[in-house]
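Heads up: the structure comes next, in structure tokens.
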Amino acid sequence: MKKEKIKTSPSRKIFQVFNYLLMLGITLICIYPFWYIVIYTFSEGSLVDVNPPVLLPRGFSLANYKDIFELNGFFHSLFISVMRTVIGTVLSVLCCSFLGYLFTKEEMPCRKILYRFLIMTMYINGGMISTYIVIKSYGLLNNFWVYILPMLISAYNIVLIKTYVEQLPQSLEESARLDGAGYLTVFVKIILPLSKPIIATIAVFVAVGHWNSWFDNHIYTRGDENLMTLQYLLYNYLNEAQRLADQIKNASANMAGISDMMSSISPKGVRMTITVLASLPIFLVYPFMQKYFVKGIMVGAVKG
Amino acid sequence: MAKALAVKHKPKKNYRLLLMVFPFMLIVLLFNYVPIFGWIYSVYDYIPGVPLFECDFLGLDYFKLIFTDANVLRTLKNTAIFAVINIVLTPLPMLFAIMLNEIKNGAARKFIQTFTTLPNFISWVIIFSLAFGLFSTDGMLTQAMVNLGITDEAKSVLSSKESVYWFQTFLAQWKTLGWNAIIYLAAIAGIDQEQYEAAKVDGAGYFRCAIHVTLPAMLETYVVLFILNVGNFLNTGYEQYMLFKNSVTAPNIEVLDLYVYRIGLENMDYSYGVAISIIKSVVSIALVVFANLVAKKIRGNTVI
């Protein structure tokens, strides 16, 4: 049916203008902080220290980025972040999809009980402290695998995959089974290729979770600098800066100590540059993955 | 034919499947269930390094302590304040979705949606860094306020005890508003266009269409999400609050989860930390189950 134009009343026009302004305003508030740190990092350090940039960089300098590349530990923490994201995502997606597939098999003994056992983990957990004690007793403190193993099996993702596999046509799998293919072969050759959309969706979420996480680094692997992730490196710099701000606020008495700290602390530019580099992967990946992100919330909602 | 075969095979259990599932279930057991057994620490005076059964048995002493601990009361109050604010603000994403839906220019709409959703995938560490860049004493916005004569001296909102509640709420909304709106946008997209046509025939303008057609279509989603929010009352999380906590904001920003972290992992008082988190878990499971039951009544199926 042709869209019947409703008479555009003046109040409607005012609303439209107001609505556009409001929406663009909200969008600007969402973008501006990122824009600010980008222009800050490209500014001349001496110019922005006292007078921060507003819309465009003050002067132009790549000194911050040069500093970062010479910064101790930057590349190593980047490497650790990339490793945990790649290994963690690949393993988790493989395990969850394989398990999701196995749980569609009615010939599995005790299937219902095992599945409930898994689903229960969405509702109850031991809490932060007992999980810490347990992980410590497994000897996983200061161990790279503490990033991977606790997040390996996600009940929620398994539910999504199981539901997806259940609505795939059965005939392909059955004919393969009749030809003597085992579960693993069927999974690799048939189920994985057919489940690409849901697997991509889950992979994106798992990867973002790994890239963004810092708290496990903080409680489990603080003791080993070699395991520091990029997010945690940033956290440490920020913490330093915050402590300094705290001390300036609290004690103007011990000025000497503070200026000591001032000189030992990383310059603001370094912090900002790490922030830019740590958010860069999300910005790069996001436009291509947006449909998966949106799909992610929809499957979740439909499955519910 | 294939189907008949499948039905015939159904009762025959395949124990190889059990073998294949076993390693994954072991991981679930080790990382999700063993920590629950760790709750036993709460009835002992556990000292790290000493075998548990050589520690003093305290019975419910730690649980009694909870009810007399002023810090529990204070952090519980903070948790409740954040939770109530969150619940009051649940209509925001819905409103945002309705307003965004009124943007008829496809490119503008896509642009707004992309950039308002993006912050959801940015880690809290990075958000803290962005906030630090803009709002710290020498941050851009703080300086701008001074330069424009709005405030006399550079006072950072990050170290203001009074601003904690609204500022943290603002940040949380900044991160999640666009993302939370997606589900409502989908609900709007699912509305039968004929309903609008019918309303227009009846003489309804844009505004009345929004009130009488768009809004009711989203109400069910809204009610379900609202109830779930109530169910998650105590689960405010800790990442955001931990990052923005400093000596000034601490009294107002410390939520229950964060207090558990401080008791257990900073003061190393494992047993008391576990005791608090047990009480918290029990109450929040009860709340979630209750919320789920109510949502089930409304929607006809479970939500989680």
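Taken residue by residue and averaged, Cβ atoms of other chains lying within 10 Å of the Cβ of A:134-140 number 3.
Label-to-label distance for A:Leu62 and B:Leu215 is 5.7 nm, based on points extended 7 Å past Cα in the beta-carbon direction. Projecting the Cα positions of B:Thr214, A:Met128, B:Ala108 onto the charge dipole of the protein assembly as shown (unit charges on Cβ atoms of Lys, Arg, Asp and Glu, taken about the Cα centre) puts B:Thr214 furthest along the positive direction.
Each label was represented as a point 7 Å from its Cα along the Cα-to-Cβ direction; for B:Lys161 and A:Met122 these points are 4.3 nm apart. Pick from A:Ile37, A:Ile113, A:Ile199: which is most flexible by mean-square fluctuation in a GNM of chain A where alpha carbon atoms under 10 Å apart are linked? Per the Cα network of chain A with a 10 Å cutoff, A:Ile113 tops the list. Report the relative contact order of chain A, percent, no decimals, based on alpha-carbon pairs under 8 angstrom and at least 6 residues apart. In percent, rounded to a whole number, it is 25.
Within the same chain, aspartates and glutamates fewer than 8 places from B:Lys245 are excluded, and of the rest, those with a Cα less than 15 Å from its Cα are A:Glu240, A:Asp246, B:Glu162, B:Glu254, B:Asp257, B:Glu266.
For chain A, the residue among A:Val38, A:Val188, A:Pro287 whose Cα projects farthest onto the positive side of the dipole built from Cβ charges is A:Pro287.
Other protein chain C-beta atoms within 10 Å of residue C-beta, averaged over B:32-45: 5. Axis angle, to the nearest 10 degrees, between helix A:230-250 and the longest C-alpha principal axis of chain A: 40 degrees. Net charge of the neighbourhood of B:Asn235, taken over other residues with C-beta under 14 Å away and scored Lys/Arg +1, Asp/Glu -1, is -1. Here the sum of -39500 (n - 2.57) over DSSP H runs of 4 or more residues, divided by the residues of chain B, equals -20000 deg cm²/dmol at 222 nm, to the nearest 500. With 20 Å as the limit, write out which pairs from A:Lys112/B:Lys13; A:Lys112/A:Lys162; B:Lys77/B:Lys161; A:Lys136/B:Lys64 have Cα-Cα distances beyond it, or answer none. Over 20 Å Cα-Cα: A:Lys136/B:Lys64.
Every Cα-Cα pair in the range A:10-61 was counted, and those over 12 Å apart are 67% of them. In terms of its C-alpha gyration tensor, chain B has an oblate overall shape, because the principal axis ratio a/c (a ≥ b ≥ c, square roots of the eigenvalues) is not below 1.5 and a/b does not outweigh b/c. Considering only B:Gln168, B:Gln240, B:Gln195, the Gaussian network model of chain B with Cα springs below 10 Å gives its largest mean-square fluctuation to B:Gln195.
Sequence-distant contacts, meaning Cα pairs under 8 Å at least 6 residues apart, place the relative contact order of the range A:10-61 at 29 percent.
A:Ile80 sits among other residues whose Cβ lies under 15 Å from its own Cβ, and their net charge, with Lys and Arg +1 and Asp and Glu -1, is -1. Here is how the number arises for chain A: DSSP H runs of 4 or more residues each give -39500 (n - 2.57), the sum is divided by the residue count, and the result at 222 nm is -22000 deg cm²/dmol. Annotation: amide H of B:Tyr44 within the under-5 Å range of B:Leu58, sequence separation 5 or more or interchain, hydrogens built in the peptide plane.
Note on B:Asp269, A:Asp49: ascending count of other Cβ atoms within 10 Å places them as A:Asp49, B:Asp269, the fewest first. Taking 14 Å as the straight-line reach from the Cα of B:Lys110, the aspartates and glutamates in range (excluding those fewer than 8 positions away in the same chain) are B:Glu102.
Evaluating 6.51 cos²θ - 1.76 cosθ + 1.60 at θ = phi - 60° for every residue in the range A:287-292, the Karplus couplings come out as x, 6, 9, 3, 5, 6 Hz, glycine and proline recorded as x.
Using the 10 angstrom Cβ neighbour count as an exposure proxy, how do A:Leu56, B:Leu219, A:Leu227 rank, fewest first?
Least to most surrounded, the residues fall as A:Leu56, B:Leu219, A:Leu227.
The order of the peptides A:84-95, A:271-282 by mean Cβ neighbours within 10 Å, most packed first, is A:271-282, A:84-95. Per residue of peptide B:128-138, the mean number of Cβ atoms on other chains within 10 Å of the residue Cβ is 6. What you get for the protein assembly as shown, charging only the Cβ of Lys and Arg (+1) and of Asp and Glu (-1), is a dipole of about 2500 debye around the Cα centre. Of the residues B:Met268, A:Met83, A:Met151, the one with the fewest other Cβ atoms within 10 Å heads the list, and the complete ranking is B:Met268, A:Met83, A:Met151. Result for chain A in a Gaussian network model with C-alpha springs under 10 Å: among A:Leu178, A:Leu152, A:Leu55, the largest mean-square fluctuation is at A:Leu178. With the simple spin-label model, which puts each label point 7 Å out from Cα in the Cβ direction, the A:Lys189 to B:Asn267 separation comes to 6.2 nm.
Backbone geometry of the range B:185-198 corresponds, through the Karplus equation with coefficients 6.51, -1.76 and 1.60 at θ = phi - 60°, to 3J(HN,Hα) couplings of 4, 5, 4, 5, 4, x, 6, 5, 4, 4, 4, 5, 4, 4 Hz, x marking Gly and Pro.
Our coupling estimate for the range A:33-45, obtained by passing each phi through the Karplus curve with A = 6.51, B = -1.76, C = 1.60 and θ = phi - 60°, is x, 5, 4, 4, 5, 5, 5, 5, 5, 8, 7, 6, x Hz, Gly and Pro reported as x. Along the axis of the charge dipole computed for the protein assembly as shown (Cβ charges of +1 for Lys and Arg, -1 for Asp and Glu, origin at the Cα centre), the listed residues A:Val276, A:Ala176, B:Val223 are led at the positive end by A:Ala176.
For the range B:266-283, the residues whose backbone nitrogen is under 13 Å from a point 7 Å from the Cα of B:Asp61, taken along Cα to Cβ, are B:271-272.
Computed from the coordinates by the stated procedures, all read-outs in this text should not be read as laboratory data. What you see is a predicted model; the values in this text were computed from it and never measured. Heads up, the Cβs are rebuilt from the backbone with ideal geometry, glycines too, and the neighbour counts pull from every protein chain shown.
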